1. Scan the stretch 530-543 for residues that are at pLDDT 75 or above, polar (S, T, N, Q) and open to solvent by 30 Å² or more (accessible area, probe 1.4 Å) and jot them down.
2. Can you confirm whether the stretch 584-607 contains a residue that is among the aromatic types (F, W, Y), outside any loop (DSSP other than H, G, I, E, B) and out of contact with any strand residue (DSSP E or B) (no Cβ under 6 Å at 6 or more places or on another chain)?
3. Please work out which one of (1) assigned to a loop (DSSP other than H, G, I, E, B); (2) at pLDDT 95 or above is the condition L464 fails and give its number.
4. Whether any residue in the stretch 525-539 is in contact (Cβ under 8 Å) with a residue 40 or more places away in the chain, in a strand (DSSP E or B) and within 27 Å of P91 (Cβ to Cβ) is what I want to check.
5. Can you confirm whether L641 is at pLDDT 85 or above, over 18 Å from R531 (Cβ atoms) and open to solvent by 70 Å² or more (accessible area, probe 1.4 Å)?
6. Could you please let me know if R543 is in contact with a Leu (Cβ under 9 Å, 6 or more places away or on another chain), at negative phi and not aliphatic (A, V, I, L, M)?
7. Hey, among the residues in the stretch 592-615 that are touching a residue at least 40 places away in the same chain (Cβ under 8 Å) and open to solvent by 40 Å² or more (accessible area, probe 1.4 Å), which one's nearest to the chain's Cα centre (by Cα)?
8. Does R203 meet the test of being farther than 19 Å from N147 by Cβ and in contact (Cβ under 8 Å) with a residue 24 or more places away in the chain?
Amino acid sequence: MRSSSALLAFAISAAASVHAGEAYPQPAPPTPGARQAEPPAAAAPGEAAAPGEAAAPGEAPAAPVEAPAAPVEAPAAPAGIEVTVEGSRAPPGSVSLSRRDIRELPGALGDPYRAIEIQPGVTAIASGMPYYYIRGAPPGNIGYFFNGIQVPLLFHVGAGPSVIPASMVQRVEMHLGPYPADIGRLAGAAIEAESAPPSDVWRGEGSLRFVDLGGVVEGPMDRDTHVLVGGHYAAGAALTSALVPSVDVGYADYQGRMTYRLGPEERFTVFAFGAYDYLASIDDEGGADATNVLLDSDFHRLDLRYDRDDAAGARVRAALTLGLDQSRGVGVESAQAWKLNARVSLARPVLGGRALLRAGVDAAVDRYKVTPRPSPPSDDEPAEGVEDEPAEGTAQLDESFPELFRSRLDLALGAWADALIVLDERSTLTPGVRVDHYTSLGRTAVAVDPRIVGRFGIGDHVRLIPAFGVASQLPGLAPLPALQIGGIPGGLQRSLQASLGAEVNVGPVNFSTTVFRQVTFGLSDPIGTGRGTNLSTERFLTRSLGDTYGLELGARGALRRDMFFLASYTLSRSTRTRGASTVPSAYDRTHVAHVALLYDLGKGWRAGMRHVFYTGFPADEATPGRPPREHPDRIQPFYRLDMRLSKRWALSARSYLGLVLDVQNATLAKEVFDVSCDEGGCTPQTIGPITMPGIAIEGGF
């Protein structure tokens, strides 16, 4: 019987993933019955490698590992950026970013989730804003996960640093759709971040930036117990508010994890994390400060997890997650959601090791408590403790949000199964299905979502990846804690996701191309269905038929030993249909392109630059008496240049100190972020130039 490790080694490492430098030979197809050993991965630049791993050039090597003496060889030539052939790849139809891609990508500011912007199919709503349309799916239909736990608010104060520090993230996978069956209740894309395994030695990382201070420390308490603590704090918030008196900002996050080994095959993990954010604008009129709260929220998660991996290749996981989400001052006085999520999954080799069967069940219970804003006083003067009368847009939110977000108890039950089937030495097929039952405010809905993905090798260097699936989701809104539309008004969103991709390896370079189409029935997209200042309930409950189709091109690899590149291009069209009218999405951009170059300059110096280009969105706005046009004009294209320079010094065998300069929009380009239309036409509204310089001092051991 072929072992499951041999099965998986073949199924998920059919091709080499080249980071930079000279390519290692590709692994030969697995021999039936043999166990495949994965090659050691290289440590991220400037970090100490774990025992048995290769250290990047100019970095502190790991503690030596005892090994038989080897014959003395001639000194090797100085190494450039190293190449690794990974033994773990993303599922077919998904893309993966390694730790190196995350931390060295110019303009990403070291944030793990922000680095997905360079991938084909991803369109930011505005330059520097880490909220994306992915294959036409709006931000409210995209889920972000960390170690299988959904994260409600991904970035501090909307566009700041990630609530999950980069030092905890080993890899990020982007599932464009269809995604694995264990991921559900999303009609768009799913972004999964995976933490690095517990370290066998004590290690830590810290960083000091202009506005925040943070770090992570982890290590073994004894033979069976491992702990991790970390967090960030906006230590420079007071300075920011002093430099920009019209802005009041503050944020913090925390992480804590304990892993206990119950036996050779079992472990128990307790993981807690959370974040707090506050952002407000302050107007000084007549000596009285008027505060307009833009974001005031926090969330907390406590995950209890049991894992068992036996010698036969079977894996069992049981997990219970407790959560609390809170938002204040945005459309409602306060919104609170107590969350309980339980899940059990099983993976087991079957058919003599020719397939891997996975199945699971999960349940989510959410208790919402929403307090509407108090009604304004009837006289002209505001009552004591009550702010001035809100502006028109804020007043509309105060009216619509209590209708959309009500106190209630929501329940979701799900079951799923899929099978990774090995057809031959180069091909796999993964059929799956997921079933979900939703209950909210007395209404129920059922979703049955089948999906199938294949990977078919043609020779040693070419793979075809067809995929088709159905995905369903509750009505969506912006990703804000505790703000989920209640009652399932208009039913579920249902998306048909289809794509045909090809991957080609040419030496150390990997090329990919995909044609796709994604059609969503009952799409909930209040910001993409049409531009406008109307914030009534009708706008948030409006449904449309969303249709997105296009071509994606990607390339990555080594141009030489000391130079690595990533490139992507997306040609697409995204439309919204209501009745007999079909108009382009408000964030439809025909062309989106990224090119990034990373350099190893030697002696611990690294540099990089990224070029970002996209064409303009439709210059149109929905106003009374002015219906949207099917073929509107477009705003001007946008281009920006991001740059990164870093230097790391090895202080000892396992410690380092580094300096990083990361600048987003180094060209100080201005961008059109909206349009204002009347009978005479549309006027672009320009913002900027907005640049995000990041200067950081980093250290670790």
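1. Of everything in the stretch 530-543, nothing turns out to be at pLDDT 75 or above, polar (S, T, N, Q) and open to solvent by 30 Å² or more (accessible area, probe 1.4 Å).
2. Within the stretch 584-607, the first condition is being among the aromatic types (F, W, Y), and the residues that meet it are 587, 599, 605.
Narrowing the set further to residues that are outside any loop (DSSP other than H, G, I, E, B) leaves 599, 605.
Next, only the ones that are out of contact with any strand residue (DSSP E or B) (no Cβ under 6 Å at 6 or more places or on another chain) stay: none.
For the stretch 584-607, residues among the aromatic types (F, W, Y), outside any loop (DSSP other than H, G, I, E, B) and out of contact with any strand residue (DSSP E or B) (no Cβ under 6 Å at 6 or more places or on another chain): absent.
3. (1)
4. no
5. Taking the combined requirement at face value, the residue does not satisfy it.
6. It is true that R543 is in contact with a Leu (Cβ under 9 Å, 6 or more places away or on another chain), at negative phi and not aliphatic (A, V, I, L, M).
7. Looking at residues that are touching a residue at least 40 places away in the same chain (Cβ under 8 Å) and open to solvent by 40 Å² or more (accessible area, probe 1.4 Å), I get M609.
8. No.
The values are calculated or read from the model by the stated rules, or taken from the named source; none is laboratory data. All of these numbers come straight from a predicted model, not from anything done at the bench. So basically every Cβ, Gly included, is an ideal-geometry build from the backbone, and we count neighbours across all protein chains shown. With ligands, DNA and RNA removed, areas are computed over all heavy atoms of the protein, side chains included. Shrake-Rupley method; radii C 1.70, N 1.55, O 1.52, S 1.80 Å.
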